[in-house]
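**Q** This is the structure, below, for whatever I ask next.
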Amino acid sequence: MNLDEGLLRGADVLVVDDEPANVALVESILERNGFTRIRSTTDPRQFRTLFDAQRPDIVLLDLHMPHVGGLELLRQVGALLEPDEYLPVIMLSADVTARARRDAMGAGATDFLTKPFDTTEVGLRVRNHLETRRIHLRLDGQRRELEGCHLQSLKRLHDEFRDETDDHTERVGRTSALLARAAGVTDDLAELIEKAAPLHDLGKVGVPDSVLLKPGKLSAEEFELVRTHTTIGAQIIGETTSEVLTVARVIAETHHERWNGLGYPYGLEGEAIPLPGRVVAVCDVFDALTHERPYKRAWTVDEAVQELVTESGRFFDPELVDLFIDQVLPIFSA
């Protein structure tokens, strides 16, 4: 899916950075990528005026600025949006610490880019997030209909943009329900997880096929693009009164968090990761390993089980790994 060039030129971009040289560089990168509607300021106190006048399609914010920092501006953005509105905000910073990234992503940033910039990466990230915004705007009406628990509509949305390998999503749903029951959740919650789990990778609609289907190893920039599918999926589902979609949003956002805190997007650790996300993490990886993908052969069940054991307590909840092997696998393999 490539962003239409006409829409690209018409996209409104707002850049806020207190360093004039950084602003000039970002503007130059955006212009080389075909953007023509760019507004910028080196004074973060002007942000609200520019935002109201432009109503941008994407915002690029410096993290550390005098007078008003990027995190405060990010909170202002959240207050200015409609409840269901999706607006990508990319945080810019020379601060490469894990805390800076966590603070930014935890405050609602869509992405995080470190200085000095890779000019190709900046253009790619901006285009990708604008494509996601375009999809979100186009499908906003559909998403609203889902408030009545029209889960099948969202599954059709998923299929419209990405043809999942085999029946991966449905298998993940079934095994996730089995594992959730083995972990002691109620039947009602297990059923919600079964219906919601197939949407775990919904956010991949915002990641280019050239990256998702690449047969070789991903570059660091490409991997960063893939990582955004967690927050994209959650943003597409949005705030909802539907129990199923509420669980689906949690799963979409947290199924790549890791037990040791080194996962993404927020670096949650241990039981701070919601149980549905931990459950789907185990089932998703097992199913992906045991089925062929463009970049790998199908592993044997024994090989996949050994991988789960190896990563137990590091990537995965160790109790869930034990339950999967002892109680779920025998049922699933029967």
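**Q** Exactly one condition in (1) modelled with pLDDT of 90 or more; (2) farther than 23 Å from P208 by Cβ; (3) in contact with a Gly (Cβ under 8 Å, 6 or more places away or on another chain) is not met by G78; state its number.
**A** The failed condition is (1).
**Q** Can you find a residue that is touching a Pro at 6+ places or on another chain (Cβ under 8 Å), buried (at least 22 other Cβ atoms within 10 Å of the Cβ) and on the phi < 0 side of the Ramachandran plot anywhere in region 207-215? Break it down stepwise before answering.
**A** At the first step, the residues of region 207-215 found to be touching a Pro at 6+ places or on another chain (Cβ under 8 Å) are 213-215.
Still in the list and also buried (at least 22 other Cβ atoms within 10 Å of the Cβ): none.
Scanning region 207-215, I find no residue that is touching a Pro at 6+ places or on another chain (Cβ under 8 Å), buried (at least 22 other Cβ atoms within 10 Å of the Cβ) and on the phi < 0 side of the Ramachandran plot, so the answer is no.
**Q** Which helices (runs of 4 or more DSSP H) does region 206-299 wholly contain that include 3 or more residues that are in the same structural domain as E170 (by TED's automatic domain parsing) and without any contact (Cβ under 8 Å) to a residue 24 or more places away in the chain?
**A** On the way: elements: 209-212, 220-227, 229-237, 243-254, 275-289.
Where helices (runs of 4 or more DSSP H) fall fully within region 206-299 and carry at least 3 residues being in the same structural domain as E170 (by TED's automatic domain parsing) and without any contact (Cβ under 8 Å) to a residue 24 or more places away in the chain, they are 220-227.
**Q** For region 112-156, which positions are at pLDDT below 55, among the charged types (D, E, K, R) and crowded, with 16+ Cβ neighbours inside 10 Å?
**A** Correct list: R143 only.
**Q** Also, quick follow-up: Being modelled with pLDDT of 85 or more, crowded, with 20+ Cβ neighbours inside 10 Å and more than 30 Å from T120 (Cα to Cα) is the requirement here; does L225 meet it? Talk me through it step by step, then tell me what you get.
**A** Working: modelled with pLDDT of 85 or more: yes; crowded, with 20+ Cβ neighbours inside 10 Å: yes; more than 30 Å from T120 (Cα to Cα): no.
Judged against the criteria, L225 is not a match.
**Q** Another question, if that's okay. Of the residues T41, T36, T49, which is surrounded by fewer than 18 Cβ atoms within 10 Å (Cβ to Cβ) and out of contact with any helix residue (DSSP H, G or I) (no Cβ under 9 Å at 6 or more places or on another chain)? Show your work before the answer.
**A** On the way: T41 fails: out of contact with any helix residue (DSSP H, G or I) (no Cβ under 9 Å at 6 or more places or on another chain); T36 fails: out of contact with any helix residue (DSSP H, G or I) (no Cβ under 9 Å at 6 or more places or on another chain).
Unique residue meeting the criteria: T49.
**Q** Still on this structure: Looking at V205, V247, V282 in this structure, which one is touching a strand residue (DSSP E or B) at 6+ places or on another chain (Cβ under 8 Å) and either among the hydrophobic types (A, V, I, L, M, F, W, C) or under 27 Å from V126 (Cβ atoms) (or both)?
**A** On the way: V205 fails: touching a strand residue (DSSP E or B) at 6+ places or on another chain (Cβ under 8 Å); V247 fails: touching a strand residue (DSSP E or B) at 6+ places or on another chain (Cβ under 8 Å).
Result of the check over V205, V247, V282: V282.
**Q** Go through A183, A177 for me and flag whichever is farther than 22 Å from I237 by Cβ and in the same structural domain as V244 (by TED's automatic domain parsing).
**A** Working: A177 fails: farther than 22 Å from I237 by Cβ.
It is A183.
**Q** Go through the residues of region 232-243 one by one and say whether even a single one is at pLDDT below 95 and more than 23 Å from G78 (Cβ to Cβ). Please lay out each step first, then the result.
**A** Quick first cut of region 232-243, residues at pLDDT below 95 only: 232-243.
Then drop every residue that is not more than 23 Å from G78 (Cβ to Cβ), which leaves 243.
Yes: one or more hits.
The values are calculated or read from the model by the stated rules, or taken from the named source; none is laboratory data. Note that the structure is a prediction, hence the values are computed from the model and not measured. Glycine gets a Cβ as well: all are built from the backbone with ideal geometry, and neighbour counts include every protein chain shown.
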